[in-house]
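Colleague: Attaching a single structure in structure tokens format; questions to follow.
Bear in mind these aren't lab numbers, they're just calculated from the coordinates by the rules spelled out. What you are looking at is a predicted structure, and each value in this text was computed from that prediction instead of being measured. A quick note on method: Cβ atoms are made from the backbone with ideal geometry, for glycine too, and the neighbour counts reach across all protein chains shown.
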Amino acid sequence: MIQRRQLELWVGVFVAAGLLALAMLAFRVGNLTAGEVANGYRIQAEFNDIGGLKVRSAVTLAGVRIGRVSEISIDPSNYEAVVAMEIDGRYNNIPVDTSASILTSGLLGEQYIGLDPGGSSQYLKNGGKIEITQSALVLEKIISQFLFNVAAKPDPAKK
Amino acid sequence: MTKMGGIVISGRAWDLLRRFLHGFRTATGRKRLSNPQTDSGASGALVEIRNLHFARGERTILNDLSLTIARGKVTAIMGGSGCGKTTLLNLIGGRLRPSSGQVLVDGVSVPDLSTRELFELRKRMGMLFQSGALLTDLDAFENVAFPIREHKNLPESILRHVVLMKLETVGLRGARELMPAELSGGMARRVALARAIALEPMMIMYDEPFTGLDPISKGVIVKLIRELNTGLGITSVLVSHDVAEACAISDYAYLLGNGRIIGQGTPQEISQSKVEEVRQFMGGLPDGPVPYQYPAMDYLEDLLQGGQA
Amino acid sequence: MNPLRRLGKFVLDSVEGLGRASLFFFEVTVGTRQLARRFELVVQQVYAVGVLTLLIILVSGLFVGMVLGLQGYHTLVKFGAEDSLGLLVALSLVRELGPVVTALLFAGRAGSSLTAEIGLMKATEQLAGMEMMAVNPIERVIAPRLVAGIIAMPLLAALFSAIGVLGGHLVGVGLLGVDSGAFWSQMQSGVGFREDILNGVIKSVVFGVVVTWIAVFQGYESVPTSEGVSRATNRTVVFSSLAVLALDFIMTALMFK
């Protein structure tokens, strides 16, 4: 029979390793920390079409993630999508004339919001709003637009 | 299993339900069926069984059995294999409940006890199982210490004294660190005996204590049963089919056959009995009331049929 | 026996078995009350079902993760989305493979040995012996094992998933040249704590209850002979595997709408 002390030691090691694995899943694999933006502030932007953007999608500036989408809703007055973003408190110097666009990582990848800083010396504050936005490119719309254009133009070869 | 209108209720589930219902009955004070004052005199009966029936499914195992086990004596219950001896011990210990009839231990009706009361009673009953039933993951010392640890909150030093004392009684103080797998059959049974007396019970039930032992080990067990009885005054119930050993140490003996008592008396009386069934068992005769032949059709006819098939 | 009667008997037997198992579960649950005072009993069993199952879980987890890395890479690379490899590996493991494969391995390794151990204790009259010593085997033997199983399973599943992710990283990044940064960042942006990891943990807790319950019940109910014990062991593995897969489907349907 295994010694009692050794047994307890092994169980301790096992439980500690298991909890460590859980912590790794939570923090390294999942986004428990990334989800909680450190003392962040909230800004808003309105888009015509957000495409496949979801809550918790990334918000980036120059490719660096600085926050994430915290809420998506509809503005009932003009039927536009209102996207609220939680921005990390460290990045508190985003100009008010910054533009936001919905981009796609890779051809079929996740969608995220890319911020393009403007030149104003005034910075966005908590509850601030980004006025210049560019909606998501929806593949079907682009294709149908393209097809429509082709159909509308009379084919020169047939003349 | 109890059949109720085609629905089969398992023995255990049924048992649970009955225990539950019995709990109510005990609460209303019908538990003590006999007056303990009259029963628990020094010379009285410790165990009394009256008109006991026990059946498993359709099969009747014990049929209208009545016997008494005297306080402070060694009582042997003998009988062929499968005649219900072990069942009888389980009924006395409350692990089985009778179909009908009474089982009184120390004046208390065992089937009517709640689980808690039953456990209290069992602390005063030791049982030595045929296999010893030692816990395989504990060594000899811990096995003997097991019931004490479970029931008494003794400091480690006193516990050690008690356990060593019990092991000394069975002569195995030196084997305290051996695991059950390292013990011989006889030694395992002695450790189990030390465990059975750990809580200083009023009675010990021995289930086939001599089976599968060499003559020396048998002798040791015989000596121990006798010593425990005379030295500590423990009532002993001995279930066995080893006629010689059982007769050698018992004060009184019952002979069981077909679920009923076919003979009783002191060992001497039994061995001089004129009853055919008793004589066959005591003398170990191959043929008699218990036939040599398993019931079958005529031998010649059977052979001829086999040729035709 | 005619088929209809056989069907009827099967149904009755199953219902009876389920009823007994439920009663048994109830008894064991009541029996866990006294474990607070005697936690060392649980610790011993965590060793038996947890520590002794650790190696097979770690090795399997590593290989499953590596295979996911390989397969996932070859599928994703067709769409130019190999950066999502980390996400694919992690989601597969955390949501499904971690809890399920761990539960299946646990049933085979720890469940079967629980059944065999309890069955043998029954066959060698150890349980009966305890009862005669006024010790309730359900409290002393069964309850600590059930609790230990419930503790060990989520920890094992977490270890399986964690080492699986590392295995996927090993193959994807080390062997196939996926960018390490992309591997982790895609994973982190796609795996949610509540919806993925917590749900995975809930799954493994449920599996822990069910597998250990089946194992101890089969052991406790086994016919106390060597054949009976081996049959019970067999039933433990079959029943608990089926239960795990069926419950996994139900829970997935409920959790990931």
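Colleague: Give the shape of region C:1-74 as rounded, prolate or oblate, defined through the alpha-carbon gyration tensor: a ≥ b ≥ c are the square roots of its eigenvalues, a/c under 1.5 means rounded, and otherwise the shape is prolate if a/b is larger than b/c and oblate if not.
Modeller: oblate
Colleague: Among A:K129, A:K54, A:K141, whose mean-square fluctuation peaks in a Gaussian network model of chain A (Cα, cutoff 10 Å)?
Modeller: A:K141
Colleague: Counting other beta carbons within 10 Å of each residue's own, what order do A:Y79, C:Y220, A:Y112 fall into, fewest first?
Modeller: The fewest-first ordering by Cβ neighbours comes to A:Y79, A:Y112, C:Y220.
Colleague: Now for a different question. Which angle between 0 and 90 degrees, to the nearest 10, do you get for helix C:180-190 versus the longest principal axis of chain C when only C-alpha atoms count?
Modeller: It works out to around 60 degrees.
Colleague: Tell me, what does the Kirkwood hydrodynamic radius of region A:50-95 come to in angstroms if you use every pair of distinct C-alpha atoms?
Modeller: 11.6 Å
Colleague: Using the Kirkwood radius built from alpha carbon pairs, what does the Stokes-Einstein equation give as D for region C:12-255 at 37 °C and 0.692 mPa s, in µm² per second?
Modeller: Estimated via Stokes-Einstein, D reaches 172 µm²/s.
Colleague: Continuing with this model, one more query. Measure nothing fancy, just the Cα-based angle from helix A:139-152's long axis to the longest principal axis of chain A, in degrees from 0 to 90, nearest 10.
Modeller: The helix A:139-152 is inclined about 20 degrees to chain A.
Colleague: What does the extension gain come out to for B:D251 and B:A55, with contour length at 0.36 nm per residue minus their alpha carbon separation?
Modeller: 67.6 nm is the gain from fully extending B:D251 to B:A55.
Colleague: Taking the Cα centre as origin and putting +1 on Lys and Arg beta-carbons and -1 on Asp and Glu beta-carbons, what dipole magnitude results for region A:38-145, to the nearest 20 debye?
Modeller: Dipole of region A:38-145, to the nearest 20 debye: 360 debye.
Colleague: Can you run the Rg to Rh ratio on region C:1-145? Use alpha carbon positions and the Kirkwood inverse-distance Rh.
Modeller: Rounded to two decimals, Rg/Rh equals 1.15.
Colleague: Is the shape of region B:157-237 rounded, prolate or oblate, going by the alpha carbon gyration tensor and its root eigenvalues a ≥ b ≥ c, with a/c under 1.5 for rounded and a/b larger than b/c for prolate?
Modeller: Oblate, since a/c reaches 1.5 and b/c is not below a/b.
Colleague: Give the order of B:R149, C:R33, C:R140, B:R190 when sorted by the count of other beta carbons within 10 angstrom, beginning with the fewest.
Modeller: Least to most surrounded, the residues fall as C:R33, B:R149, C:R140, B:R190.
Colleague: Put +1 on the Cβ of each Lys and Arg and -1 on the Cβ of each Asp and Glu in region A:38-145; which of A:G118, A:I50, A:T133 then has its Cα farthest toward the positive end of the dipole?
Modeller: A:G118
Colleague: Further question on the same structure: Once you have a ≥ b ≥ c as the square roots of the Cα gyration tensor eigenvalues for the protein assembly as shown, tell me rounded if a/c is under 1.5, and otherwise prolate or oblate according to whether a/b is larger than b/c.
Modeller: Here the protein assembly as shown falls in the prolate category.
Colleague: Another one. Mind giving me the nanometre distance, one decimal, between the label points for A:L139 and A:V13, set 7 Å out from Cα along Cα→Cβ?
Modeller: 5.0 nm
Colleague: On to the next question. What stretch of chain A, leaving out the sites themselves, is the longest with no GluC sites (Glu not before Pro) in a DSSP loop having at most 15 other Cβ atoms within 10 Å?
Modeller: A:37-130
Colleague: Binned at 5 Å from 0, what are the whole-percent values of the Cα-Cα distance distribution for region C:156-257, short to long?
Modeller: Result, from short to long distances: 2, 11, 14, 16, 14, 12, 11, 8, 5, 4, 2, 1 percent.
Colleague: Right, something else. Quick one: net charge of C:Q186's neighbours, Cβ under 11 Å, K/R +1, D/E -1?
Modeller: Net charge around C:Q186: -4.
Colleague: Reachable aspartates and glutamates from A:K141, Cα under 19 Å, same-chain residues fewer than 8 places away excluded?
Modeller: List returned: A:D49, A:E80, A:E110.
Colleague: Would you work out the charge dipole size for region B:84-173 about its Cα centre, treating the Cβ of every Lys and Arg as +1 and the Cβ of every Asp and Glu as -1, and quote it to the nearest 20 debye?
Modeller: 160 debye
Colleague: Can you give the FRET efficiency to the nearest 0.05 for B:D298 and C:Q34, using r as the Cβ-Cβ distance and R₀ = 60 Å?
Modeller: 0.40
Colleague: For helix A:4-24, report the angle its Cα long axis makes with the longest principal axis of the Cα atoms of chain A; keep it between 0 and 90° and round to the nearest 10°.
Modeller: 10 degrees
Colleague: Quick check: Cα centre of region C:184-257 to Cα centre of region A:120-143, how many Å?
Modeller: If we compute the Cα centre of each part, the gap is 46 Å.
Colleague: Around B:Y292, with a cut-off of 15 angstrom between Cβ atoms, what is the net charge of the other residues, counting Lys and Arg +1 and Asp and Glu -1?
Modeller: Once all neighbours under 15 Å are counted, the net charge is -3.
Colleague: Compute the signed sum of charges (Lys and Arg +1, Asp and Glu -1) over the other residues within less than 14 Å, Cβ to Cβ, of C:L76.
Modeller: -3
Colleague: Please provide three numbers in whole Å: the alpha-carbon extents of region A:38-145 along the principal axes, with the largest listed first.
Modeller: Per principal axis, max minus min of the Cα coordinates gives 41, 33, 25 Å.
Colleague: Report ³J(HN,Hα) in whole Hz for each residue of region B:89-95, in order, from the Karplus equation J = 6.51 cos²θ - 1.76 cosθ + 1.60 where θ = phi - 60°; Gly and Pro get x.
Modeller: Once θ is set to phi - 60°, the couplings for region B:89-95 become 4, 5, 5, 5, x, x, 7 Hz.
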